[in-house]
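The structure appears below as structure tokens.
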């Protein structure tokens, strides 16, 4: 039997705590920086960092005007990355996303013009307004971090984060995302309206104009690569892994669920829990991390049965039932010998 291949080397145990403190410091700096523009949405920004730190993507379902574009721009500026926005429309073509090859008459040869997907933070605005063929143009980019045009495969910048938006109210002229594409999003979140106090503070801050242009970076693209590697070094005890798998399995066996979470969903849940622990400066994943990330990671991967929908049941209610029913690891079982199991 061949020895297992390890893509990312495990960080030495004595240094792990100190290094994870760096992850928490970077996360705090980004959160504070983005909050200069986005008021009262620290929990939402933290979820974006969870996706960014574990190479995931985010689907934002919300009404227009709650700050989705500003949030994406602020995040890109904070990490020193490039931001591009793609307005999805019915006539959008796959080449409008990935780019195209054209013949340069001056050079007498074909050249490639990169599309807007070649950026660090890509906002796919109203993604469900494009045809399924155009929506699928994002699949390779999201999964492989590459784009293939005319048989040539080109890598995308790192870090690479897709923030796709959907308007849950206005459905006329939209094309529902296929399950295969929904499964590519690590998280589905909602920004939501601000509270009264937060909205008043926003009005005061923006009375003299947008402060987004003055927003600078608090980290670098290179540092983000290190942060993502450190995040994967967060310890996950065997019992916590079993808990993650049990939650995912329970979604497939629940009588109100027609389609449960895939194995990609359980892996995403574990990775998201690792990122949440790292952002909070902890060296190990707790069951609370899994519980906190269950709804944003698994909610969009579940398909409720028609009978359950007729009874008015929601995905959130079903997931809450599952979390209540699956046994949680006891406190003494999640701090086992770390030399026996590390995340690659």
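Overview of values
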{"read-out": "Of all DSSP beta bridges in the chain, antiparallel share, percent nearest 5", "value": "40"}
{"read-out": "Computed over the stretch 38-205, Cα set: Rg, Dmax in Å", "value": "17.0, 61"}
{"read-out": "All-pairs Cα distance distribution in the stretch 110-169, expressed in whole percent, bin size 5 Å", "value": "4, 16, 27, 25, 16, 7, 3, 1, 0"}
{"read-out": "For q = 0.10, 0.14, 0.15, 0.16 Å⁻¹, Debye-computed log10 I/I(0) when each Cα of the stretch 234-340 counts as one equal scatterer", "value": "-0.28, -0.53, -0.60, -0.67"}
{"read-out": "Exposure proxy ranking, count of Cβ atoms within 10 Å, fewest first, for 243, 193", "value": "193, 243"}
{"read-out": "Between the stretch 32-108 and the stretch 196-216, the Cα center-to-center distance that results, in Å", "value": "20"}
{"read-out": "Value at 222 nm in deg cm²/dmol, rounded to 500, when DSSP H runs of n ≥ 4 in the chain each add -39,500 (n - 2.57)", "value": "-12500 deg cm²/dmol"}
{"read-out": "Ascending count of other beta-carbon atoms within 10 Å, so fewest first, for 271, 311", "value": "311, 271"}
{"read-out": "Of [x] 55, 53, 47; [y] 68, 56, 53; [z] 79, 67, 37, the label for Cα extents along the principal axes in Å derived from the coordinates", "value": "[y]"}
{"read-out": "Residue-span extension gain [residue 42 to residue 25] - 0.36 nm each, minus C-alpha spacing", "value": "4.6 nm"}
{"read-out": "Calculated FRET efficiency for the pair residue 82/residue 104, C-beta based, R₀ 25 Å, to 0.05", "value": "0.55"}
{"read-out": "Förster radius 30 Å - calculated FRET efficiency between residue 213 and residue 169, Cβ distance, rounded to 0.05", "value": "0.45"}
{"read-out": "Shape of the stretch 176-226, Cα gyration tensor, a/c cut at 1.5", "value": "oblate"}
{"read-out": "Three-way shape call for the stretch 79-119 based on the alpha-carbon gyration tensor, with the a/c threshold at 1.5", "value": "oblate"}
{"read-out": "Least to most buried among 293, 284, 154 (fewest other Cβ within 10 Å first)", "value": "154, 284, 293"}
{"read-out": "Distance from the stretch 259-332 to the stretch 220-239 (C-alpha centre basis), Å", "value": "21"}
{"read-out": "Cα gyration tensor category, rounded, prolate or oblate, for the stretch 156-266 with a/c compared to 1.5", "value": "oblate"}
{"read-out": "Selected from 181, 274, 317 as most flexible by GNM, with the chain as the system and alpha-carbon contacts under 10 Å", "value": "317"}
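Since every read-out is calculated from the coordinates, none of them should be taken as a lab result. No experiment lies behind these values; they were computed from the predicted model shown. For neighbour counting, all protein chains shown are included, and Cβ atoms are generated from backbone atoms with ideal geometry for every residue, glycine included.
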